[in-house]
Every structure is written in structure tokens, then in C-alpha cells.
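First comes the structure, then the notes that go with it.
The values are calculated or read from the model by the stated rules, or taken from the named source; none is laboratory data. Remember, it's a predicted structure, so these values are computed and weren't measured experimentally. Quick reminder, even Gly has a Cβ in these numbers, built from the backbone with ideal geometry, and neighbours come from all protein chains shown. The protein model used for the area step is the full one, side chains on, heavy atoms only, and it has no ligands, DNA or RNA in it. Shrake-Rupley method; radii C 1.70, N 1.55, O 1.52, S 1.80 Å.
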Amino acid sequence: MKRKREEKEAAAEKKMEIVWQTPANPPEKHDYIFRDGRRHVRPYYFEFISHVKNRWAGKTIVDLFAEEFKGRPYDYYVGAVKCGRIQVDGEMVPVSYIVKSSQKISHFVHRCGLLPWLIARFTWIDCRHEPPVMAWDVPILDKEDDVVTVWKPATVPVHPCGQYRKNTVVGVLQAEHGLAPLFPVHRLDRLVSGLLILARNATRADLFRQEIEAGKVQKQYVAKVVGVFPEDEQIVDVNVNYNAREGRSTVEVGNSCDGSPIKGKTACTKFTRIGTNGIHSIVLCKPITGRTHQIRVHLQYTGHPIANDILYLSENVTNRSSEGVNADRAAHSPNNCLVPENNSSDKYEDSTEEDFDIDPMCTNCPNLVPKGYDGHEEGLWLHCVQYSGSGWVYKCPYPDWAVLT
């Protein structure tokens, strides 16, 4: 039995064609695999470059990896060095090889996505298993000589970051619409949908950014929040402090009694109720500043958090029934988010199981989805509807969850 398994792995290893990817390799249509309403990316190899740190020098190549990168067992690194998946200065080395400062180390692996702090530490050439996103197109709203605006679907990041490179708005637009290069003008969180402006050259992007930095650009979002939001305009002018370790923001209000300094960055958002059905309210949000999770945490501060925002739903919110928290499950089904005609996950036929090669040393294969992905990510009820500046305005239609019944 063991011999048969080894022969099968050896055959798969021999069969597998390794295709090296660099930033110069643009995403293409055949890179995507569609299953169960999700857009997956065919696993691919990619190179990251760095060098041995001084504190690593003097260790064997196997010990270095086993001690610094404990996500894999020691035996894996022994095998990886022996078969050439771990190399030093582009050459195979024995398992007893002692690394020297500034040498370049390469690691050929399948993986679930390289975290940014790893990228800067050594050369990592790997076959990515990118997390899937919703299998929707990225509809083009306006297309001009130097600007293109799109309807960004929720769950799709704007540009390559963390575990994502091809499953991004920029990647999909390049693969399916031939649009490149593109320069995102502003941020939209991955779980947020709506208007995204992309410049088609660096000069136009700089002009947009200058306007934004000068405070000359007005932004508008719509959100579906818990409860009956006040009818009068609400202005929240409290600092926002983002905790990168926890991945969430908090508001910071000063204490005039003890004179303690206020943490975070100044932030201001204006809110206007559009409508309510007594359970939820649709709120127009106008952020004056642009802090991380600003709208989400400011809505929480008002006592009316976004109705499916698990991260910021206050503990004291009583209406967390099927209309509240459980709505998170429904927030991003095709029937619950109005998109332009013909933009449905149904337009993409499921691909077959044989659409990518299996790497016998990969800890993710034969699964297409990387380890650690729970498969239940949904979009927020937060949608960008308009950006305007000096002599220009771009809009995006409202999603259907913004129509209360």
C-alpha cells in the first residue's frame, strides 16, 4: 500500500508542470475556476525575494525553516531540501548546509496565501491557493480615456494584498476586460461593495489623490442599520483608533476630568436617515475623513450598527434576530444584492474537478480552497454610491437591500 502511494505521488510529481508567476504575468481568464457560486483561482507558483538575516546565519537550512516557520513539520523541510524545493542562491544544497548572511533562499511550495510579514523575510516561490470570492463579474459603470469606474462586488479585494493577487478587482478587470494598468484612486474594504474609481494612468491617479488629500472630494455610502435611526442629521465627531492586531477600530472620547490624551485619529461622519421600517433603517453616510472602518465604528457609536456587521454589532443591541445577525448569511446571495443585468454568479458554469494539477507535497492539495478558510464569508450592508470633486461626479446604483419592505 505504501509503495503504491509513493509511486502515485512520484507520478503526480513528474506530471505536474510548474508555471512560475511574477508580477509580469498578468491574470488571464483560464486562471479562474468556478464552483458553487464562488470564483476560485487555479493554484500557481509565485516568487518572493529576500535574504538571510544576520540572526539566521550559522543555522542549517533545515533548522532555519523548522524554527522560524513552524507551520510545517520538520520532516517536510528535510524532504523539501532533498528534492530541491528549498534552494540557496538558486542551487540545491544538502540538509546539513549552513546558511550565511545575505544569501538568497528560495522555497517552492503550495500554500494558502503568504502573509505580508513573511514576504519581507526570504525568497518564497510558491503555488498559491487563493481564497475564493463571490463568482460575480466586476461591472463597468463608466469607461473614459483616463478613468474607469466599476461596481465592486463585496468579498473581492481591490488590489493584490495578503493572500490575494488574482482574485482582486484589478486582477479580474485585467483578465476579463483587458484593462491594465489600473490605479485605484480610493479604498473600499474587501467586504464592502459599490463604486470604485480607477485611473488608467499614474498622472490621473495623482490628480485624484491630490483632491482627496486636500479634502475636496465628497463621498457617500448607504448602510442598512439596526433599529430606527434618528430622523435628524447626526454628526459623529470622535476619534477612531484602529487596532491592527485585532483587526477592528474603536472610538476614543476624551475625559475632560482627568485630562488624559485622546488616542486614535480625528474622524467625522455625517449620517442622514433615508427610510425605516421600524426594524431596520437605511442611512446615507458621508465620511468627512477616511479612517479604517470609520463608518462602521461610528454607526456602532450611534447605537445603530450595520445590521449584519458581526464585528461591530454592539452587545447591548437587542434586535439581533433573523433580521439582524442572521441576515449576514443572506446578505450576499445573488437574490439579495441588486447588480446590473446579466451579472449573476449563475453566468459562470462550475468547472470540473480536474482543472488543476495536484502537488503531492502541498498541504492544501487536493483541495482547491486553502486551509483555514471557512467558506461562509458574506458581504456587508455597506455600499459606496457616489464620489464627487471639482467638476466631476461618479455614481453607482443602490443595492436591493437598500429598499425596505
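Brief remarks on what is shown
- Selection within segment 124-163 - at pLDDT below 85, under 15 Å from the mean Cα position of the chain (by Cα) and either more than 19 Å from residue 33 (Cβ to Cβ) or among the hydroxyl-bearing types (Ser, Thr, Tyr) (or both): 161, 162
- Candidate set: segment 46-95, residues that are in a strand (DSSP E or B) and aliphatic (A, V, I, L, M); chosen: the one farthest from residue 27 (Cα to Cα): 88
- Looking only at segment 152-167, residues that are aromatic (Phe, Trp, Tyr) and open to solvent by less than 10 Å² (accessible area, probe 1.4 Å) come to 0 in all.
- One residue stands out in segment 205-220 among those that are among the acidic types (Asp, Glu) and open to solvent by 40 Å² or more (accessible area, probe 1.4 Å): the one that is farthest from residue 383 (Cα to Cα), namely 206.
- Test: residue in segment 191-200 that is open to solvent by 30 Å² or more (accessible area, probe 1.4 Å), among the polar types (S, T, N, Q) and either modelled with pLDDT of 95 or more or in a loop (DSSP other than H, G, I, E, B) (or both): no
- Residue check for residue 143: within 24 Å of residue 391 (Cβ to Cβ) and either in contact with a strand residue (DSSP E or B) (Cβ under 9 Å, 6 or more places away or on another chain) or among the acidic types (Asp, Glu) (or both): yes
- Within segment 240-247, one or more residues are among the aromatic types (Phe, Trp, Tyr), closer than 25 Å to residue 379 by Cα and not in a loop (DSSP other than H, G, I, E, B).
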